[in-house]
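Taking it in order: structure first as structure tokens, then the write-up.
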Amino acid sequence: MTIPTLRNYIGGSFVDAPGRTFEKTNPVNGTIVAHVEEADREIVDAAVKAGRAALEGTWSQMSVNDRAALLRRIADRIDARFEDLLAAEVADTGKPESLAREVDITRAAANFRAFADMIAAQNLDSYLTELPNGRQALNYALRKPLGVVAVIVPWNLPLLLLTWKVAPAIACGNAVIVKPSEDTPSSATVLAEIMTEAGVPDGVFNLVHGLGPDSTGEFLTTHRGVDGITFTGESSTGSTIMRAAAPTVRPVSFELGGKNAALVFADANVEKTLDGLMRSIFTNTGQVCLCTERVYIQRPIFDRIAAGLVERVKKLKLGAPYDPTTTTGPLISLKHREKVLAYFKRAEEQGGKTLVGGGIPDMPPELSNGAWVEPTIWTGLDHDSQVMREEVFGPVAGLIPFDTEEEAIRLANDTDYGLAASIWTNDLERGHRVAGRMNVGIAWVNTWFLRDLRSPFGGMGLSGLGREGGAHSLHFYTEPTNICISLTEGESK
Ligand code: NAD
């Protein structure tokens, strides 16, 4: 099979970038998936200019209804190209095909449909001013597109996260320059083809491939023609991008890392909790920003939960993405595996006891070059240990006992991050009470990962800045101009 070369997509066409290329390998077996042309400063500049030209052309005159219809056409084309997107995503990430089918590609189409509905229903901020002297004025805020928006995303849910930003940005009339992760360039390339097929005007969607520092990511975030940056990725990268945006005070939206806690109370339904914990710890091999890495368990059921998790982990089946019995894929790359393995070592050095996992699994010869790692559970780690404070971003969790509700809340909130928490209890009042005291962007009670696309999504502290979802996304991608009209005759005071 010939290995494809993935190109940058600028102003409605794929362009040649004869400079540097990099190889994307399949984390399942180490084979080459694609050669990728890296966008240099010139290509990034061309993308920014194409975006600007689109904004200055007919795109800005397109009505909201027509933009909503365009978003629905994109969603329809995603459905039509579902299997191509699926193959691209699975080849890049190695995740089980069933997971990519159920979550990644399905959510990509849903993202466009959701924002088509939301943009059509958006209303204006309006207020009637009534002064003590009898004067009246009508205020209403018109929302204009932010402009050329840089969209930079990670590798864990590549198409889902990318479309979660592109859909509202286009819905609001912006032009986007998308930079997928160097580890997952393929589905974004299919999406560029879809943009042409759906009739998206040239320059509204641009795609540049490349790495971060001293490469495409940096060229994009430091480009003065970019009007705003929306980024999902590591907290330290967010901090670098914030500095890049500072000189021209451009708006940024950040969805960053997490070190998410689960709080398991003794009154919880043990079987349901175990199922929920397994999903929240091991989905996508633990490579979801919302995954649980800290599990606080009330002492009376600590041993039952620990034993139940171990039993279930032993039943996980690591394997190839298209094997229907596979539950768990590899990590994204051998480089990422080095990081995760370093935490395995550190956990033991810091007094942790590995209940299950903790190493590299034996895989069949055809998969032996993949980035496999064993799903792992620790006990005995101190709440303040490095492993319990830093994001591992792998299939791991540390279990820690607690006695009282107050103690559980204190431990869960004692972190530099603030993305998500899940509370497992059969006590309704406790569920509400504890959820309300979590310093996180999203707190679940007796579930995990469930979302309404209209609700706010994001994190506190090192986990991010701003919120996405519903009106929160529409606000980030627009700039309001308030218009104040006097309604009374005479001098305007
Ligand atoms: P990363 O920060 O290394 O890379 C993310 C993207 O930023 C990539 O496209 C990369 O090329 C680019 N990049 C890297 N350095 C850059 C720079 N200096 N300038 C501009 N761009 C740069 O993150 P990752 O390893 O790809 O993803 C994993 C991280 O993402 C984890 O921390 C995870 O928690 C986080 N994440 C957060 C959310 C959320 O919604 N909060 C969702 C998914 C992933």
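Any idea which of P361, P330, P324 is part of a loop (DSSP other than H, G, I, E, B), within 16 Å of the ligand (Cβ to nearest atom) and modelled with pLDDT of 95 or more?
One residue alone meets the criteria, P330.
Let me confirm something: among T106, T93, which residue is touching a Ser or Thr at 6+ places or on another chain (Cβ under 9 Å) and either closer than 22 Å to T326 by Cα or among the polar types (S, T, N, Q) (or both)?
Checking each option against the conditions leaves just T93.
Kindly evaluate F112 against the criterion of being aromatic (F, W, Y) and surrounded by fewer than 19 Cβ atoms within 10 Å (Cβ to Cβ).
So F112 does not fit the description; no.
Which numbered condition trips up G225, out of (1) more than 25 Å from H472 (Cβ to Cβ); (2) within 13 Å of the ligand (Cβ to nearest atom)?
(2)
What residue, among those in region 448-488 that are among the hydroxyl-bearing types (S, T, Y) and touching a Ser or Thr at 6+ places or on another chain (Cβ under 9 Å), is modelled with the lowest pLDDT?
Result: S486.
List the helices (runs of 4 or more DSSP H) inside region 41-104, counting only whole elements, that have at least 1 residues being farther than 29 Å from F22 by Cα and among the basic types (K, R).
Hits in region 41-104: 64-80.
Only residues that are surrounded by fewer than 18 Cβ atoms within 10 Å (Cβ to Cβ) and not β-branched (V, I, T): list them for region 267-313, please.
Those that are surrounded by fewer than 18 Cβ atoms within 10 Å (Cβ to Cβ) and not β-branched (V, I, T): D267, N269, E271, K272, D275, R279, R299, P300, D303, R304, A307, E311.
Run down L316, L341, L355, L331 and say which single residue is touching a residue at least 40 places away in the same chain (Cβ under 8 Å) and either over 25 Å from I297 (Cα atoms) or hydroxyl-bearing (S, T, Y) (or both).
Selected residue: L331, the only one of L316, L341, L355, L331 that is touching a residue at least 40 places away in the same chain (Cβ under 8 Å) and either over 25 Å from I297 (Cα atoms) or hydroxyl-bearing (S, T, Y) (or both).
I'm told V178 meets every condition in (1) crowded, with 24+ Cβ neighbours inside 10 Å; (2) touching a residue at least 60 places away in the same chain (Cβ under 8 Å); (3) aliphatic (A, V, I, L, M) except one. Can you identify the failing condition by its number?
(2)
Within region 41-49, does at least one residue satisfy the condition of being within 30 Å of A371 (Cβ to Cβ) and more than 22 Å from the chain's Cα centre (by Cα)?
For region 41-49, residues within 30 Å of A371 (Cβ to Cβ) and more than 22 Å from the chain's Cα centre (by Cα): present.
Conditions first: (1) more than 23 Å from E197 (Cβ to Cβ); (2) among the β-branched types (V, I, T); (3) not in a helix (DSSP H, G or I). V36 passes all but one, so which condition is the exception?
Condition (1) is where V36 drops out.
Determine whether D125 is closer than 19 Å to R77 by Cα and either assigned by TED's automatic domain parsing to the domain that holds D227 or surrounded by 20 or more Cβ atoms within 10 Å (Cβ to Cβ) (or both).
The answer is no for D125.
Out of all the residues in region 394-433, which are of a type in the set (V, I, T), away from the ligand (no atom under 16 Å from the Cβ) and buried (at least 23 other Cβ atoms within 10 Å of the Cβ)?
Once the filter is applied, which keeps residues that are of a type in the set (V, I, T), away from the ligand (no atom under 16 Å from the Cβ) and buried (at least 23 other Cβ atoms within 10 Å of the Cβ), region 394-433 yields I423, T425.
Residues in region 254-304 that are within 16 Å of the ligand (Cβ to nearest atom) and either at positive phi or not small (G, A, S) (or both): how many?
Residues flagged as within 16 Å of the ligand (Cβ to nearest atom) and either at positive phi or not small (G, A, S) (or both) within region 254-304 amount to 19.
Which of the residues belonging to region 331-377 are among the basic types (K, R) and more than 24 Å from the chain's Cα centre (by Cα)?
Matches in region 331-377: K345, R346, K353.
Return a yes/no flag: does region 245-253 have any residue that is within 20 Å of the chain's Cα centre (by Cα) and within 7 Å of the ligand (Cβ to nearest atom).
The answer is no, given that none of the residues of region 245-253 is within 20 Å of the chain's Cα centre (by Cα) and within 7 Å of the ligand (Cβ to nearest atom).
Checking the conditions here, which among V208, V200 is β-branched (V, I, T), touching a residue at least 60 places away in the same chain (Cβ under 8 Å), within 21 Å of M62 (Cβ to Cβ) and crowded, with 19+ Cβ neighbours inside 10 Å?
The conditions single out V200.
In region 217-252, what residues are closer than 24 Å to F393 by Cα, crowded, with 23+ Cβ neighbours inside 10 Å and of a type in the set (S, T, N, Q)?
Residues satisfying the conditions are T230, T232.
Do we find that G351 is at positive phi and in contact with a His (Cβ under 9 Å, 6 or more places away or on another chain) in this structure?
Criteria not met by G351.
Residue by residue through region 448-493, note down the ones that are away from the ligand (no atom under 15 Å from the Cβ), in a loop (DSSP other than H, G, I, E, B) and crowded, with 17+ Cβ neighbours inside 10 Å.
Of everything in region 448-493, just one residue is away from the ligand (no atom under 15 Å from the Cβ), in a loop (DSSP other than H, G, I, E, B) and crowded, with 17+ Cβ neighbours inside 10 Å, namely Y477.
The values are calculated or read from the model by the stated rules, or taken from the named source; none is laboratory data. Since the model is a prediction, treat every value here as computed from it, not as a measurement. Reconstructed Cβ throughout: ideal geometry from the backbone, glycine too, with neighbour counts over all protein chains shown.
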